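Enquirer: Below is the structure I would like to discuss, written out as structure tokens.
The values are calculated or read from the model by the stated rules, or taken from the named source; none is laboratory data. In this text, all values refer to a predicted model and were calculated from it rather than measured experimentally. Cβ atoms come from the backbone with ideal geometry, glycine included; neighbour counts cover every protein chain shown.
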Amino acid sequence: MIDKKLLSEAKDIAKDQMRHGKIHYSDFEKATKAIYDDLLQMENMASFDVSSIETEAPQVALPVAPASKFKHEKVAGKVRCAECGNTFKSLSANHLNSHGITREEYMVKYALTDKDMQGDIERKVKTGDDNALTIMSYIMKEYDLKRAEAKPFVQQYGFGDIKGLMAQAKEKNVSALDLLKEKAPTPKKNEK
């Protein structure tokens, strides 16, 4: 029967060894098993005589991970690929396939978690009058247009698109709808 606690400790030790370049990712399972066996043997010793332990452990030749010019790290909110050095919002399986490695193999090789594969880019959500969809809904309501008609309508009155209208309105310090009303008169609505 496998001791799950010891196996977990063995995996953690093997990951640390891999992170520090002591073992290659392809030898992770073999190293984990060897460490687990050693931990199990130490735990099963009935009487443990501390004086019999050598002060300096014998050096075991473990395979070393190949040296890479690059390091997996987060740079300016992005993630640097340790294989090629390019930075990305996140390291995708598609990119890693170009290096002939799967996402899981890469994560084991560099002892990473899912979170390490993502950048820290903060996305700003535009709300209210800074959101082009909100402005488009105002225009559609004011001029009784369908969604597909809003952009051509704005372009008809000399604005590149809704974002162009918003940029000009911001420069003139007026609302986008008021700027559009200066060039496109509001149709009279039918009263019921």
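Enquirer: Looking only at region 173-180, decide whether some residue is under 14 Å from residue 136 (Cβ atoms), surrounded by 14 or more Cβ atoms within 10 Å (Cβ to Cβ) and of a type outside the set (A, V, I, L, M, F, W, C).
Expert: yes
Enquirer: Got a number for residues in region 151-181 being polar (S, T, N, Q), assigned to a loop (DSSP other than H, G, I, E, B) and either outside the structural domain of residue 141 (by TED's automatic domain parsing) or free of Cβ contacts under 8 Å to residues at least 24 places away in the same chain (or both)? Reasoning before the result, please.
Expert: As a first pass, look at region 151-181 and keep what is polar (S, T, N, Q): 155-156, 168, 173, 175.
Pick out the ones that are also assigned to a loop (DSSP other than H, G, I, E, B) and you get 173, 175.
Filter once more, so that each one left must be either outside the structural domain of residue 141 (by TED's automatic domain parsing) or free of Cβ contacts under 8 Å to residues at least 24 places away in the same chain (or both): 173.
Looking only at that region, the number is 1.
Enquirer: Give the residue, chosen from 76, 111, 93, 132, that is of a type in the set (Gly, Ala, Ser) and within 23 Å of residue 23 (Cα to Cα).
Expert: Numbers: 76 fails: within 23 Å of residue 23 (Cα to Cα); 93 fails: within 23 Å of residue 23 (Cα to Cα); 132 fails: within 23 Å of residue 23 (Cα to Cα).
Checking each option against the conditions leaves just 111.
Enquirer: Given the residues 33, 15, 11, 78, which is the only one that is at pLDDT 85 or above, surrounded by 10 or more Cβ atoms within 10 Å (Cβ to Cβ), in the same structural domain as residue 102 (by TED's automatic domain parsing) and not hydroxyl-bearing (Ser, Thr, Tyr)?
Expert: Values: 33 fails: in the same structural domain as residue 102 (by TED's automatic domain parsing); 15 fails: in the same structural domain as residue 102 (by TED's automatic domain parsing); 11 fails: in the same structural domain as residue 102 (by TED's automatic domain parsing).
Unique residue meeting the criteria: 78.
Enquirer: Quickly run through region 117-150 and pick out the residues that are modelled with pLDDT under 90 and in a loop (DSSP other than H, G, I, E, B).
Expert: 119, 120, 121, 122, 123, 124, 125, 126, 127, 131 - these are the residues of region 117-150 that are modelled with pLDDT under 90 and in a loop (DSSP other than H, G, I, E, B).
Enquirer: Residues of region 1-25 being assigned to a helix (DSSP H, G or I) and free of Cβ contacts under 8 Å to residues at least 60 places away in the same chain, which ones? If you could, list the steps in order and put the result at the bottom.
Expert: Quick first cut of region 1-25, residues assigned to a helix (DSSP H, G or I) only: 4-19, 25.
Correct list: 4, 5, 6, 7, 8, 9, 10, 11, 12, 13, 14, 17.
Enquirer: Could you please find all residues in region 92-116 being touching a strand residue (DSSP E or B) at 6+ places or on another chain (Cβ under 8 Å) and modelled with pLDDT of 90 or more? Spell out how you get there, then give the answer.
Expert: Of the residues in region 92-116, the ones touching a strand residue (DSSP E or B) at 6+ places or on another chain (Cβ under 8 Å) are 95, 116.
Residue satisfying the conditions is 95 alone.
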